[in-house]
1. Taking neighbour counts of Cβ atoms within 10 Å as a proxy for exposure, in what order, fewest first, do 22, 515, 548 appear?
2. Put one equal scatterer on each alpha carbon of the range 38-173, apply the Debye formula with no solvent term, and list log10 I(q)/I(0) at q = 0.10, 0.15, 0.21 1/Å to two decimals.
3. Ranking request for peptides 770-782, 620-632, 283-295: highest mean number of other beta-carbon atoms within 10 Å first, then the rest in descending order.
4. For the range 124-220, report the convex hull volume of the alpha-carbon atoms normalised per residue, in Å³, without decimals.
5. Would you be so kind as to identify all helices of the chain, as entire DSSP H runs, whose Cα atoms reach 20 Å or more along the helix's own axis and whose mean Kyte-Doolittle hydropathy is at least 1.6?
6. Under 21 Å Cα-Cα from residue 86, which lysines qualify once same-chain neighbours fewer than 8 residues away are excluded?
7. In 10 Å bins starting at 0, how do the alpha-carbon pair distances of the range 363-423 split up by percent?
8. In which sequence would 440, 216 go, from the one with the fewest C-beta neighbours within 10 Å to the one with the most?
Amino acid sequence: MARRSTKTPPPEDFEEKILDIDVVDEMQGSFLEYAYSVIYSRALPDARDGMKPVHRRIVYQMNEMGLRPDRGYVKCARVVGEVMGKLHPHGDASIYDALVRMAQPFSMRLPLVDGHGNFGSLGNDDPPAAMRYTECRMADATSLMTESIDEDTVDFQPNYDGQEREPVTLPSAYPNLLVNGATGIAVGMATNMPPHNLGEVVAAARHLIRHPSADLETLMRFVPGPDLPTGGRVVGLGGIKDAYETGRGTFRIRSTVAIEDVSARRKGLIVTELPFTVGPEKVIAKIKDLVSAKKLQGIADVKDLTDRSHGLRLVIEVKNGFVPEAVLEQLYKLTPMEETFGINNVALVDGQPLTLGLKELLEVYLDHRFTVVRRRSEFRRTKRRDRLHLVEGLLVALIDIDEVIRLIRSSDNSAQAKERLIEHFSLSDIQTQYILDTPLRRLTRFDRIELEGERDRLTGEIDELTGILESDAELRKLVSTELAAVAKKFGTPRRTVLLESGASAVASVPLEVADDPCRVLLSSTGLLARTVNGEPLEGGDGRRTNHDVIRSAVPATARGDVGAVTSAGRLLRIAVIDLPQLPDTASAPNLSGGAPVAEFLSLEADEELICLTTLDESSPGLALGTLQGVVKRVVPDYPSNKDELEVISLKEGDRIVGGQELRTGEEDLVFITSDAQLLRYQAAQVRPQGRPAGGMAGIKLAEGATVISFTAVDPAADGAVFTVTGSLGTLDDSVRTAKLTPFDQYPRKGRATGGVRCHRFLKGEDFLALAWAGAGPARGARKNGAPVELPAPDPRRDGSGTPFTAEIAALAGPAH
């Protein structure tokens, strides 16, 4: 069955008219209309109040809703609904996005919305919560944007459906466009204006009020450059001057970075400020991508330690062996830690998009402000004149109140009373009606005094307002004074640092640390470090500090390795670049440094680090002495593919008590035992052995005696021997003696013999608690590294020493 047509037929008198329109003309007209709508109604800010329509509508509607700073918060959804229903003919998403940005302190230099809840994070890494969860109210400075809006200061226009009215612009008591900047993309044009410091902009505006012909160079003394909410460093001011002169220009923004020690082993780049609109997640993602692609070297790890208490804190750990300053330069070049900001000062002036320089922006704002203050003054004067007119009429009635009452009572109705009062007292219609409406309780003698005071006050205010309206100088003075008050109340210090040039002093510094000579040091308190150069250290404590003597020092290169020999007979490889570098000892002889051994080596509970050694296979080898009197010269065979080697096979219960790398092979090996025996013989008497060997007899020990010191001493050096006794028969360890003897007092003996006595025990002394032999002068230190003053030298090799009560834990000589 055929379906009946539901189309309504045209009326009988309908005449069809078809217009032939060129599609090119239609497209041109439609596109221009659309472009103008986007430019004027959506994308570009007005140069007077610095706001796009959506921002203006939000601020105005919040003011109409009474959401002032001293009131409670309301849900953002309520504000968005009011704006969308009454003023803004677009979706809620665009309104809420604009409201969120106005509440973000990292987007606005002077936020216009006081937000409560999650309004997003820098770089939009963490998006804001939905508008049903967040709350808002006007910020303190927002009231300045709508101040005196109800005093006929600005024009109003119908809203999109003609049922409401909205302001064409806001009064704007401060230059919002320059202070908070703006960003927008229209059709065929765009705007991108950076924020500035309120105090600086106001200072420039006030100067322009006093000197309308001021040039750009003078204004830039007040506004030297943008002041971004996120701080940072502006590099290069040439583009800023171009922008202030022509409205277009570019400048670079760099992160604020400090180089600090993030651990005992590594340095790090601490980022506390990022470029405008750049978030930490974006930087971290870019760094990880570059590291994965091997386009960026020297980065060990990246951590985001940002929190509400301390603000932005991005920690970029630098690998050992890389110069932090050079790594930072690479980060500036390859990551968003340095961004370019293109200034494009496009704003609407009388409905037309114009590109404005700094002076033009200030002039447009000041012209607007002069108009606002003039209209406000005219409105206030009119209001006061109207009130004065009523007060004067009431005072006339009060002078002859009895006649007024008689005329009113004798009249047939209010209209007749009104006519008789006008005729009798020569009053106006408005004055007469006001007298009739005034209750009798207002007609007392006290009220007359009040009215006379009000009349005088109104007269003075009218004269003052008339002076402002009739004098351009007074008008300018008032605007300048109001601007100064705003800057005083809401001005804040500059956050962004301006730098003339971005040229870096480290631009020519290699990325990696050069393989320069250095020395690796082991201190008595278990600290490891490396020096700046490879020169031997002067002074018994190496001039490294007044505390903490150097137990072992070996030459190396910055990118080489050294070996660490432990009491368990292990040799562990240490990368020199991992060790903290000490300052130049010549320029800072008293500065300590270094990091604990535990930062670099994993030792067992009963294992300790004995000495350091180079891994040079051309050296004479490593000399080791054990607790049970074994000596060994290790053949320098250290495979580069192994980080842990065995350098001696120890018997059960034995351990290494001393070790030292031989420099020439002509050194004397020295054992000192707990029963005060010292054995000295040439290193040549010990045959070098491979690493797995167990060594050979080094000294013959008496029953119960053990080795407490083993060293290698250059016989040509001015050596010394230091011994300290101990006692098992007393609880008072302070009862002991110490002796410092020249090394040449002890003759050489054969290997594996008993040696000679080096300390005569007194009554109550049972053993040597501490001993050392080496190149002088000798230095002593306590457990905490503090220095210990040693006794004067005693030439008797078997003398009994002198009383010694100081605590001492370590002995050493010069760190050559």
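Computed from the coordinates by the stated procedures, all read-outs in this text should not be read as laboratory data. As the structure is a computational prediction, the values presented were derived from the model and not from experiment. Every residue, glycine among them, receives a Cβ derived from its backbone with ideal geometry; neighbour counts consider all protein chains shown.
1. 22, 515, 548
2. -0.29, -0.69, -1.40
3. So the peptides 770-782, 620-632, 283-295, ranked by packing, come out 620-632, 770-782, 283-295.
4. 227 Å³
5. Going by DSSP H runs, there are no hits.
6. Partners found: 52, 75.
7. With 10 Å bins starting at 0, P(r) equals 19, 28, 19, 14, 12, 7, 1.
8. Going from least to most buried by this count: 440, 216.
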